[in-house]
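Presented below is the structure to which this report refers.
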Amino acid sequence: MKTLCGFCESAAEKITKEHVYGEWVGTLFGAGPGKLPVHHTLTREGGLAHAWNAYGLDAQVRMPCRVCNSGWMNDLEAKVRPIITPMIIPMAVKQRCVALDRSSQLCVARWAVKTAMVGEFLNKPHLRYFTQAERRALMDGEVSNVPGAHVWIGCFAHTNDGAKGTMSSLKHADGIVAGHVTVVARGQCAVQVFVERRTAGYDGPLAVGPGPWERLLIEIWPQNKEGLAVWPPPLAFANDNQLGMLFDRFFTGGARPAPR
């Protein structure tokens, strides 16, 4: 059977390999043998599934077709690169603050969800959360076409000469894939994606475990009324363990509206 593109569903175009986390990030660190330490971790709720170390952003999946890979996906990577590069490698203390308007937030959020969608192809099909309709919706439109999507950005406090906390997680409820969590840390930029369809259209706070999340993270999707987000947030993640806490802040089986 002919493999379909994970986004446009075309069977006519060649399926290509796609770097899950953006090969261009490696150039910021001078990627090459011995130059870019990357720790990849693929987890599922309930325990570690797979972990490996490498030099370079080597995680790739055969998922998009040639047209998608070299077309809208490449355009999105090119658009997000100048936005998040100052957060990955701040040039100087006085340049650490990065202001993101609505357009920039939307671009980063769409890129983050696209990364999550591509990354879960490291999992077997029955462990994937996103539907084909949701992947196509992201290709055709914006993050608003992915029900229950939330995206936050944070800051890794210390020098991160490569990548830390590069993880993809699936949340399960009664054996069913009920939600998706992805955490990516590149340099000093940390991004979390949480998607759970039951939260779609819900305006209240997500039900999460205790933690200073509002001071550690800035939610860029759904967008706030002010329309402007300034990175970094007041607090930063001090180490890998603190970054790993992001996986435990949601209730098992996905977020639920907080009790009133």
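The values are calculated or read from the model by the stated rules, or taken from the named source; none is laboratory data. Predicted, not measured: the structure shown is a model, and the values here were computed from it. No Cβ is skipped: glycine too gets one built from the backbone with ideal geometry, and neighbour counts run over all protein chains shown.
Observations
- Residues (at negative phi and loosely packed, with under 12 Cβ neighbours inside 10 Å) located in the range 207-238: GLY209, PRO210, PRO212, LYS225, GLU226, VAL230, PRO234, ALA238
- Tabulated pairs, the range 123-137, first without any contact (Cβ under 8 Å) to a residue 40 or more places away in the chain, second assigned to a helix (DSSP H, G or I), C-beta under 8 angstrom, 6+ apart or interchain: GLU134/MET117; GLU134/ASN145; ALA137/ASN145
- Residue in the range 115-133 that is among the basic types (Lys, Arg), over 14 Å from the mean Cα position of the chain (by Cα) and surrounded by 13 or more Cβ atoms within 10 Å (Cβ to Cβ) present: yes
- On inspection, LEU138 passes the criterion of being within 21 Å of LEU100 (Cβ to Cβ) and either in a helix (DSSP H, G or I) or modelled with pLDDT under 90 (or both).
- Remark: pairs (first residue in the range 64-89, free of Cβ contacts under 8 Å to residues at least 60 places away in the same chain and more than 18 Å from PHE121 (Cβ to Cβ); second residue in a helix (DSSP H, G or I) and small (Gly, Ala, Ser); Cβ separation under 6 Å; 6+ apart in sequence or on different chains) = ILE83/SER104.
- Number of residues in the range 92-114 that are exposed (fewer than 14 other Cβ atoms within 10 Å of the Cβ) and of a type outside the set (Val, Ile, Thr): the value is 7.
- Residue in the range 97-107 that is among the acidic types (Asp, Glu) and in contact with a Phe, Trp or Tyr (Cβ under 8 Å, 6 or more places away or on another chain) present: no
- Test: residue in the range 155-168 that is under 29 Å from GLU226 (Cα atoms), at pLDDT below 90, in contact with a strand residue (DSSP E or B) (Cβ under 8 Å, 6 or more places away or on another chain) and surrounded by fewer than 19 Cβ atoms within 10 Å (Cβ to Cβ): yes
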